[in-house]
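Below is one structure; the comments refer to it alone.
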Amino acid sequence: MHPKTLSILDFTYELPEDRIARFPLETRDQSRLLVYRGGQISETVYASLAGELPEGSLLVFNNTKVVEARLLFQKNTGSTIEIFCLEPHEQYPDITSAMLEKGKVWWKCLVGGAKKWKEPLLHKALSDSGIVLSAKKIEQRADHYIVELSWSDATLSFAELLHLAGALPLPPYLNRAAEESDKERYQTIYARHDGSVAAPTAGLHFTEAVFASLAQKNIRHEFVTLHVGAGTFKPVKSATMEEHDMHAEFIDVPLSVIEKLLQQWPSTIVPVGTTSLRTIESLYWLGVKTILHPDIQPAALHLTQWEPYQLKHEAISASVALQSLIHWMQEHQLQKLLTKTQIIMAPGYQLKIARGLITNFHQPQSTLLLLVAAIVGDDWKRIYNYALEHDFRFLSYGDGCLLMSDIA
């Protein structure tokens with residue numbers, strides 16, 4: 001079955017409100033971990049993860065950092081306009097460079113209360129700093145606005161400005177405002193690169209103690225960067241997946257990490273989080289494209305949502321694809337791969353590099369649940385029923401699972 005023909009209604013389950021974790025546990029690594037291997041389900045906690053993975057495995061983490069993307073502007077009338085910063089305008093080559101811009105940026109934004117925004121400029125004075133932030137509507141597009149944001153202290157980068165002026169964008173299903181504790185707990189302990197509007201939540205359970213226990217078993221780790229966009233929460237509204245427009249996200253992968261993946265494969269590689277999985281699986285397809293189109297230029301090397309189901313790849317192994325991608329990067333003198341991926345992973349997709357996944361429990365009728373089903377097939381229903389019956393906590397601040405594929 002081609003994923004285009006799938007109906008999202010086949011990927012639903014009843015999620016009671018009281019199963020959604022509104023807050024994280026006090027200790028990160030005491031979150032529960034459902035383990036699915038060979039069709040069998042067992043339980044442990046994240047603190048004991050090392051005991052569930054083969055010695056010599058490689059874990060891949062997403063080291064993106066959530067930015068304070070919600071900007072609230074108070075009008076003289078007392079009403080509030082919220083500007084939610086999604087991603088940079090296309091004039092910027094990547095998120096990192098856009099985050100470093102000083103004095104002014106153009107950003108793709110959602111605007112809450114847009115009809116009330118009549119004046120040319122909105123202004124926000126940042127308490128204690130004397131800095132004034134201004135917003136100007138540049139263009140209205142189908143599903144977002146282009147907004148020019150400028151600030152009076154031109155020595156500050158946009159990332160620094162957001163830290164001063166913005167609020168963390170907690171997922172809407174938490175149905176609460178961000179609190180002081182969320183500044184720490186809605187970030188992984190290894191978050192490094194500003195750019196996400198949602199956390200790579202599978203990584204929230206990892207502590208220094210967990211990393212130490214993994215190292216004792218010679219389980220190594222590497223970092224990639226995928227900046228999570230608001231599209232991760234985008235509901236599927238079409239009758240079949242063919243009409244769903246999968247969100248594109250920026251990825252940033254060092255050449256050295258691709259070389260480590262090549263050295264590790266076909267031994268066990270387990271991404272931590274759906275974003276890490278989407279990133280490393282995209283590397284395979286980008287490698288395939290460099291084989292099929294060896295003269296492709298860096299600006300043209302990206303992945304659209306249906307290409308993994310269209311590219312002729314049957315004779316191309318992961319090692320060959322990764323070798324080609326490495327060679328292509330060396331030819332273009334690239335030390336890191338900066339591009340976008342729109343990959344959609346759903347039943348019908350076969351893993352190329354990963355041998356499993358560590359992830360949280362996801363919303364009904366979501367593309368993330370489709371991704372889980374691509375790994376475990378119809379057993380996703382049995383896994384989720386088990387989690388519901390055994391009081392696992394769901395969604396971003398909830399518990400998680402280790403899903404090992406049949407080829408692991």
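Summary table below
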read-out: Residues in the range 360-378 reached by a label modelled at E243 [backbone nitrogen below 19 Å; 7 Å Cα→Cβ]; value: 365-367
read-out: Packing rank of 368-374, 293-299, where each peptide gets the mean count of other beta carbons within 10 Å, highest leading; value: 368-374, 293-299
read-out: Distribution of pairwise C-alpha distances over the range 274-408, 10 Å bins, in %; value: 11, 40, 28, 16, 5, 0
read-out: Alpha carbon convex hull of the range 301-357, projected area averaged over orientations, nm²; value: 4.8 nm²
read-out: Stokes-Einstein diffusion coefficient of the range 174-298, Kirkwood radius over Cα pairs, 37 °C, 0.692 mPa s, in µm²/s; value: 192 µm²/s
read-out: Calculated over the range 36-76: convex hull of Cα atoms, volume per residue (Å³); value: 170 Å³
read-out: Separation of alpha-carbon centers, the range 50-90 and the range 207-235, rounded to whole Å; value: 15 Å
read-out: Unit charges on C-beta of K, R, D, E only; dipole of the range 259-386, Debye; value: 240 debye
read-out: Whole-number D in µm² s⁻¹ for the range 1-49, Kirkwood Cα-pair radius fed into Stokes-Einstein, 4 °C, 1.567 mPa s; value: 91 µm²/s
read-out: Å² per residue, accessible surface of the range 293-406 at 1.4 Å; value: 40 Å²
read-out: Equivalent ellipsoid semi-axes - Cα gyration tensor, the range 242-352, angstrom; value: 20, 16, 14
read-out: The range 48-206: radius of gyration over Cα atoms, expressed as a fraction of 2.2 N^0.38 Å; value: 1.17
read-out: Highest-first arrangement of 128-140, 187-199, where packing means the average Cβ count within 10 Å; value: 187-199, 128-140
read-out: FRET efficiency for K102 and Q333, using Cβ-Cβ distance with R0 set to 41 Å, rounded to 0.05; value: 0.90
read-out: Candidate lysines - alpha carbon under 21 Å from K217, same-chain residues fewer than 8 apart omitted; value: K260
read-out: Dimensionless Rg ratio for the range 2-131, taking C-alpha atoms and the 2.2 N^0.38 Å reference; value: 1.62
read-out: Rounded to whole Hz, the Karplus (6.51, -1.76, 1.60) HN-Hα couplings of the range 166-179, x for glycine and proline; value: x, 10, 4, x, 4, x, x, 6, 6, 6, 7, 7, 5, 10
read-out: Computed [θ] at 222 nm, deg cm²/dmol, the chain (DSSP H ≥ 4; -39,500 (n - 2.57); rounded to nearest 500); value: -6500 deg cm²/dmol
read-out: Farthest positive-ward along the range 64-190 dipole, Cα basis, beta-carbon charges - from F73, S127, A154; value: F73
read-out: Whichever aspartates and glutamates have a C-alpha closer than 15 Å to that of K237, once near sequence neighbours (fewer than 8 apart) are set aside; value: D10, D143, D245
read-out: Mean projected area in nm² (Cα convex hull; one quarter of hull surface) for the range 259-320; value: 4.8 nm²
read-out: Fluctuation leader among D18, D94, D245 - the chain, Gaussian network, Cα springs under 10 angstrom; value: D18
read-out: Within the accessible area of the chain (1.4 Å probe), percent carbon and sulfur; value: 50 percent
read-out: When the chain is reduced to its Cα atoms, the Kirkwood hydrodynamic radius in Å; value: 22.2 Å
read-out: Reachable lysines, given that their alpha-carbon falls under 28 Å from the alpha-carbon of K75 and they are not under 8 places away in the same chain; value: K102, K104, K108, K115, K116, K118, K124, K136, K137, K183
read-out: Calculated from backbone phi, Karplus (6.51, -1.76, 1.60) coupling profile of the range 116-131 in Hz, x at Gly/Pro; value: 8, 8, 9, 6, x, 10, 9, 10, 9, 8, 8, 4, 6, 9, x, 7
read-out: Base-10 log of normalised Debye intensity for the range 158-221 (one unit scatterer per alpha-carbon) at q = 0.15 Å⁻¹; value: -0.59
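The values are calculated or read from the model by the stated rules, or taken from the named source; none is laboratory data. Bear in mind the structure is a predicted one, so any value in this text is a computation, not a measurement. Every residue, glycine among them, receives a Cβ derived from its backbone with ideal geometry; neighbour counts consider all protein chains shown. For the accessible areas, the whole protein counts, side chains as well, though only heavy atoms, and no ligand, DNA or RNA atoms are used. Shrake-Rupley method; radii C 1.70, N 1.55, O 1.52, S 1.80 Å.
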